[in-house]
There are 2 protein chains.
Amino acid sequence: MRSASPGDLVLSYANGKVGRIGLVADFAISAPKPTEFGTTGAYWNDAGWLLPVEWLGVALAVSPQAVLERLAPVLPKSHSPVRAENGYGNQSAYLAEVDAAVFDVVLEAAGLHRSEFDAMMPSATVSAFAQRLDDLVEERIDQDQGLDSTVREQLMRARRGQGLFRKRVFDVEPVCRLTGIAQPNLLLASHIKPWRACGTASERLDGHNGLMLAPHADFLFDRGLVGFEDDGRTLFSSKLSEGDAQKMGLRHGVRPPAKPVHAKSGGYFQYHRQSVFIP
Amino acid sequence: MRSASPGDLVLSYANGKVGRIGLVADFAISAPKPTEFGTTGAYWNDAGWLLPVEWLGVALAVSPQAVLERLAPVLPKSHSPVRAENGYGNQSAYLAEVDAAVFDVVLEAAGLHRSEFDAMMPSATVSAFAQRLDDLVEERIDQDQGLDSTVREQLMRARRGQGLFRKRVFDVEPVCRLTGIAQPNLLLASHIKPWRACGTASERLDGHNGLMLAPHADFLFDRGLVGFEDDGRTLFSSKLSEGDAQKMGLRHGVRPPAKPVHAKSGGYFQYHRQSVFIP
């Protein structure tokens, strides 16, 4: 799930047929799976990773059994989504990596060619999916009778890094630890453990569960393209190229010396490294 | 309006009294004033600039007439909000700049001191105000019976730089003109003439009314802290310090050579320079 990259192609197999082709729209994000959220337009696995996929308006209806002779030799040796011996689906494979040759066999059977899809640009980014998740969490907060109305209001504002949460984060760490920017109006109050993943109101409003970050730092941290060790060292994801980081003024840019994270933030950073950061 | 800066203090005068003290929360943004949007928490002027102000929970009730002897000498010579000769309000002054001494006289009469407010941190940024405006525009789009449901859906997605708008912007200019970043998943599809300020559906979905920008470039462009000349040169606002720009890797960072803006984008860039950019 976490190794999928934007632009990758996905085949959907159900009821004995490869029925749809999809385009990975963005890097995976982690979030507890809300029961209200169907699987429409997204892949979920048990670890709670959501992979934004844009399904294309092409119906394939290709039976692996019908093309098994050509399919079997190109299927992966382990974790194959389809059994090479009989063409049946492998129940234990949820999202499996396959070779481009598998696509070629399936698409040719449907009268299509992979090159038609290779240069396609997804129309959505993970923000659109994250927003839907956040909306669902917000609905639940709105319906929670146990919450004081002032707290409810602050939870809604915290979703967007505003209000009490912003004030508290600013009190804990007012300077962007990635860029050194200290001008408050260039900084966003970002959650370390994402707002949607927090279990309680106090986690959502905890100033120690936040960082003041410049807009690009917030973007990268939120999507797991950068992270932080407890000693303050910056972690760069393999999905963020050295060149792109440089173009953002990072790595070789002006950056403050690593400052250990606040002791009370340790648990939140641990969550981020385990469940948000993409190694 | 446009010269106010975050952290500035504001006094509110109505019905013969200075009643409230407020904190400028962020730089002004421009937008046509929707009639549904009251003046709560914001100053509007006729040119359509909104200045986000956070009113503090302090009631002053100071009559300028009662402190006129000490107030008159410190009032501005022209564009004074209160007439030095009689202490009456000046109807033609909507938002006027006054000296710190004016605050001192007013606050002292209320038993307060300016230093109590000087280090206050606003809890909201202009994003919170912009979101409320966008919500109002979205409601109107939602109620517009003349719109096809597919167009309506695309207009909603365009608000967040998603969907058809993103695809079209990408077709016109796929690389961030401020940072040179070309990786689509690091880029946001930003409106040149803001979504909320567009007059028609076609303006909101026009690929020539957009730029693919890195997250910090999007933030600065959206808030008028950077702009572009038609010949492609970058304009930096006086509100963005050289040091902060450098910390974002701009000015001295890796930047592509100026590329003239697309001819069909000219009108949108003109709007941005006149109504979004803060000189």
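The values are calculated or read from the model by the stated rules, or taken from the named source; none is laboratory data. None of the values given here were measured: they were computed from a predicted structure. Positions of Cβ are generated from backbone atoms using ideal geometry, with glycine treated the same way; all protein chains shown enter the neighbour counts.
Assorted remarks:
- Candidate set: the range B:183-205, residues that are touching a Ser or Thr at 6+ places or on another chain (Cβ under 9 Å) and farther than 27 Å from residue A:221 by Cβ; chosen: the one surrounded by the fewest Cβ atoms within 10 Å (Cβ to Cβ): B:197
- Among the residues making up the range B:243-260, those that are assigned to a loop (DSSP other than H, G, I, E, B) and either surrounded by fewer than 18 Cβ atoms within 10 Å (Cβ to Cβ) or free of Cβ contacts under 8 Å to residues at least 12 places away in the same chain (or both) are B:251, B:252, B:254, B:255, B:256, B:257, B:258, B:259, B:260.
- Cβ pairs under 8 Å, 6+ apart, first in the range B:261-279 and in a helix (DSSP H, G or I), second among the polar types (S, T, N, Q) and at pLDDT 95 or above: B:265/B:209; B:268/B:209
- Residues in the range B:134-156 that are touching a Lys or Arg at 6+ places or on another chain (Cβ under 8 Å) and either closer than 18 Å to residue A:131 by Cα or of a type in the set (Asp, Glu) (or both): B:134, B:138, B:142, B:144, B:155.
- Residues in the range B:80-96 that are surrounded by 14 or more Cβ atoms within 10 Å (Cβ to Cβ) and part of a loop (DSSP other than H, G, I, E, B): B:80, B:81, B:83, B:84, B:87, B:90, B:93, B:95, B:96.
- Scan the range B:7-48 for residues that are in a loop (DSSP other than H, G, I, E, B), surrounded by fewer than 19 Cβ atoms within 10 Å (Cβ to Cβ) and at pLDDT 80 or above and the total you get is 4.
- Selection from the range A:243-265 of residues that are over 24 Å from the mean Cα position of the chain (by Cα) and not charged (D, E, K, R): A:252, A:253, A:254, A:256, A:257, A:258, A:260, A:262, A:263
Results for (1) closer than 25 Å to residue B:264 by Cβ; (2) more than 23 Å from the chain's Cα centre (by Cα); (3) of a type in the set (Val, Ile, Thr); (4) modelled with pLDDT of 90 or more, shown as yes or no for each residue.
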{"residue": "B:96", "(1), (2), (3), (4)": "no, no, no, no"}
{"residue": "B:104", "(1), (2), (3), (4)": "no, yes, no, yes"}
{"residue": "B:114", "(1), (2), (3), (4)": "no, yes, no, no"}
{"residue": "B:123", "(1), (2), (3), (4)": "no, no, no, no"}
{"residue": "B:159", "(1), (2), (3), (4)": "yes, no, no, yes"}
{"residue": "B:172", "(1), (2), (3), (4)": "yes, yes, yes, yes"}
{"residue": "B:175", "(1), (2), (3), (4)": "yes, yes, yes, yes"}
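- Taking helices (runs of 4 or more DSSP H) as the structural unit, those lying wholly within the range A:97-198 and holding at least 3 residues that are within 26 Å of residue B:169 (Cβ to Cβ) and away from every other protein chain (no Cβ under 14 Å) correspond to A:115-118.
- Taking the listed residues B:60, B:51, the one that is in a strand (DSSP E or B) and modelled with pLDDT of 85 or more is B:60, with no other qualifying.
- Restricted to the range A:46-103, and to residues there that are without any contact (Cβ under 8 Å) to a residue 24 or more places away in the chain and polar (S, T, N, Q), the residue that is nearest to residue A:276 (Cα to Cα) is A:92.
- Among the residues of the range A:208-240, those identified as touching a strand residue (DSSP E or B) at 6+ places or on another chain (Cβ under 8 Å) and charged (D, E, K, R) are A:218, A:222, A:223, A:229.
- Out of B:172, B:226, sole residue that is over 25 Å from residue B:52 (Cβ atoms) and either among the aromatic types (Phe, Trp, Tyr) or in contact with a Ser or Thr (Cβ under 8 Å, 6 or more places away or on another chain) (or both): B:172
- Considered as a group, the residues in the range A:213-242 that are assigned to a helix (DSSP H, G or I) and more than 9 Å from chain B (Cβ to nearest Cβ) include one that is farthest from the chain's Cα centre (by Cα), and that residue is A:242.
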